[in-house]
Amino acid sequence: MTTSSVLLRQVRLYGTGEPVDVLIADGVIAEIGRPDAPAGAEVIDGDGQILLPGFVDLHTHLREPGREDAETIETGSAAAALGGYTAVFAMANTDPVADNAVITDYVWRRGQEVGLVDVHPVGAVTVGLAGERLAEMGTMANSAARVRMFSDDGHCVFDPLVMRRALEYSTALGVVVAQHAEDPRLTVGAQAHEGERAARLGYPGWPASAEESIVARDCVLARHAGARLHICHVSAAGTVDVLRWAKELGTAVSAEVTPHHLLLTDERLSTFDPVNKVNPPLRSEADVQRMRQALADGVIDCVATDHAPHAPQDKDCEWAAARPGMLGLQTALSVVVETMVRPGLLDWRGVARVLSERPAQIAGLPDQGRPLAEGEPANLVLVDPDTEWTVQGSELASRARNTPYEGLRLPAVVSATLLRGRITSREGKLV
Ligand code: DOR
């Protein structure tokens, strides 16, 4: 089999040091230094741009099967490739729910057919996301899709006995359980972050304690089960204290924060625009500052998008009726640069850590988030840090349009994404 080669000229590895040329052949990094371009090689002039390992998103909603009017595996994969991603984890809250190997294998196969990004299906923890009976985790883990992450995301696995059993099974299977930490008894009817703004508008509040208490409980359960636990979309400052405590005790817990919880606050409530409705909700400025600090110092391990496309009829309606969620795949890098790199909280090595290396480790992907070194798989992203762009929902590849960043000017663009040495996006276009 002959595969084409690509020469990346004058790129800076992790944004440091002198620019080098990187030759990619047969899906791996063949040579770093001053290689000659082989005949027929595609040459990308990096012009000093930054080379990073391809991004890995632990938390994406692709809506297929069931809500192809909001997103499909094809349109979501396109958004991922354009956003610099080489692997995404597709959440299980589809219709039908991905609580069995037929659905998870379908998602996996369809992702391979589209071929723009590795789409790893997340399996549901419980049948129908109902929180009562465990789904057949073992069958999904051993199927063609080799499901490595299980989550009822969108719903909390609330029953502690069910959660305990899921964690116990996960250790035997070598997989990770990702919890949507929300005590549903504390968030009945909740529409927004519990605070002054929601109170003034008359919106029932979503208290931080609903998140903190489930994280604390699950850290205890995971420690006793000897299991690995992942916490989805941390939003509240107090959760950082809980995570720090659990990690100090040696609990195998990891956590993600979304780009929107790094940038936006509940000040957005005053717009009344449901594009700002998300679960967990946008919180206070103090929470946002705490998310940034926790990501910088590693208490929060990584950034995951919670890319949540919704059809217009589910968003262009009154606040209370609107579905929670916002697009994230094509804007994640820029929001991380705006909130973490520009203020000096992360350097580009840190960006590689939070967008690629840690998520790949958490999910156990052997071929992603790898070092930029000869012989390593060429899952890569080339970033132009100096160009700004203005977000326009109509220009994004997602089928849905619910970006909260409409009209916002953000730093950094993805110049190229490579999946196993094949260019999947270049200069904002799919290849
Ligand atoms: O805002 C959210 N949207 N949070 C979730 O947990 C689920 C997601 C969705 O599926 O739309």
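Among the residues of segment 230-251, the ones that are of a type in the set (S, T, N, Q) and out of contact with any Cys (no Cβ under 7 Å at 6 or more places or on another chain) come to 2 in all. Number of residues in segment 168-197 that are over 28 Å from residue 63 (Cβ atoms) and in a helix (DSSP H, G or I) equals 5.
Output the residues belonging to segment 14-58 that are in contact with a helix residue (DSSP H, G or I) (Cβ under 9 Å, 6 or more places away or on another chain) and surrounded by 15 or more Cβ atoms within 10 Å (Cβ to Cβ). Correct list: 14, 15, 50, 52, 53, 54, 55, 56, 57, 58.
Conditions tested, residue by residue: (1) of a type in the set (Asp, Glu); (2) within 18 Å of residue 52 (Cβ to Cβ); (3) open to solvent by 10 Å² or more (accessible area, probe 1.4 Å); (4) not in a strand (DSSP E or B).
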position: 384; (1), (2), (3), (4): yes, yes, yes, no
position: 387; (1), (2), (3), (4): no, yes, yes, no
position: 398; (1), (2), (3), (4): no, no, no, yes
position: 405; (1), (2), (3), (4): no, no, no, yes
position: 411; (1), (2), (3), (4): no, yes, no, no
position: 416; (1), (2), (3), (4): no, yes, no, no
position: 423; (1), (2), (3), (4): no, yes, yes, no
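For segment 66-92, enumerate the residues that are surrounded by fewer than 24 Cβ atoms within 10 Å (Cβ to Cβ), within 14 Å of the ligand (Cβ to nearest atom) and at negative phi. Selection gives 67, 69.
Filtered by the rule that a residue be in a loop (DSSP other than H, G, I, E, B) and surrounded by 22 or more Cβ atoms within 10 Å (Cβ to Cβ), segment 111-146 gives 116, 117, 122, 124, 125, 135, 145. Based on what the data block shows, is residue 213 away from the ligand (no atom under 16 Å from the Cβ), open to solvent by 10 Å² or more (accessible area, probe 1.4 Å), modelled with pLDDT under 95 and not aliphatic (A, V, I, L, M)? Taking the combined requirement at face value, the residue does not satisfy it.
Here is a yes/no grid of residues against (1) more than 16 Å from the ligand (Cβ to nearest atom); (2) more than 23 Å from the chain's Cα centre (by Cα); (3) open to solvent by 10 Å² or more (accessible area, probe 1.4 Å):
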| position | (1), (2), (3) |
| --- | --- |
| 186 | no, yes, yes |
| 192 | no, no, no |
| 202 | yes, yes, yes |
| 232 | no, no, no |
| 236 | no, no, no |
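Among the conditions (1) touching a Phe, Trp or Tyr at 6+ places or on another chain (Cβ under 6 Å); (2) within 11 Å of the ligand (Cβ to nearest atom), residue 331 misses just one, which is (2). Within segment 327-365, being surrounded by 19 or more Cβ atoms within 10 Å (Cβ to Cβ), in contact (Cβ under 8 Å) with a residue 60 or more places away in the chain and more than 18 Å from residue 405 (Cβ to Cβ) holds for 348, 351, 352, 356, 357, 358, 359, 360, 362, 363, 365. Looking across segment 271-288, the residues that are surrounded by fewer than 23 Cβ atoms within 10 Å (Cβ to Cβ), within 16 Å of the ligand (Cβ to nearest atom) and either assigned to a loop (DSSP other than H, G, I, E, B) or polar (S, T, N, Q) (or both) come down to 273, 279. Screening segment 299-363 for helices (runs of 4 or more DSSP H) wholly inside it with 1 or more residues that are closer than 26 Å to residue 277 by Cα returns the ranges 312-315, 332-336, 358-363. Using beta carbons and a limit of 9 Å, which pairs, at least six apart or on different chains, have the first residue in segment 162-182 and within 16 Å of the ligand (Cβ to nearest atom) and modelled with pLDDT of 95 or more and the second one small (Gly, Ala, Ser) and in a helix (DSSP H, G or I)? Listed pairs, sorted by first residue: 177/166; 177/170; 177/222; 181/210; 181/213; 182/210. Does segment 377-431 hold any residues that are of a type in the set (Asp, Glu) and touching a helix residue (DSSP H, G or I) at 6+ places or on another chain (Cβ under 6 Å), and which are they? Result: 406, single match.
Taking the criterion of being out of contact with any Ser or Thr (no Cβ under 9 Å at 6 or more places or on another chain), outside any loop (DSSP other than H, G, I, E, B), of a type in the set (A, V, I, L, M, F, W, C) and within 16 Å of the ligand (Cβ to nearest atom), the only residue of segment 244-270 that qualifies is 269. Annotation note: Cβ proximity below 7 Å between a residue of segment 30-51 that is at positive phi and a residue that is modelled with pLDDT of 95 or more and surrounded by 12 or more Cβ atoms within 10 Å (Cβ to Cβ) (sequence gap 6+ or interchain) occurs for 33/20; 33/21; 47/10; 48/10; 48/12; 48/19. For segment 366-378, filtering for residues that are polar (S, T, N, Q) and open to solvent by 30 Å² or more (accessible area, probe 1.4 Å) leaves 0.
The values are calculated or read from the model by the stated rules, or taken from the named source; none is laboratory data. This is a predicted model, so every value here is computed, not measured. With ideal geometry, Cβ positions are generated from the backbone for all residues, glycine too; neighbour counts draw on all protein chains shown. Heads up: the accessible areas ignore ligands, DNA and RNA and are worked out on the full protein's heavy atoms, side chains in. Shrake-Rupley method; radii C 1.70, N 1.55, O 1.52, S 1.80 Å.
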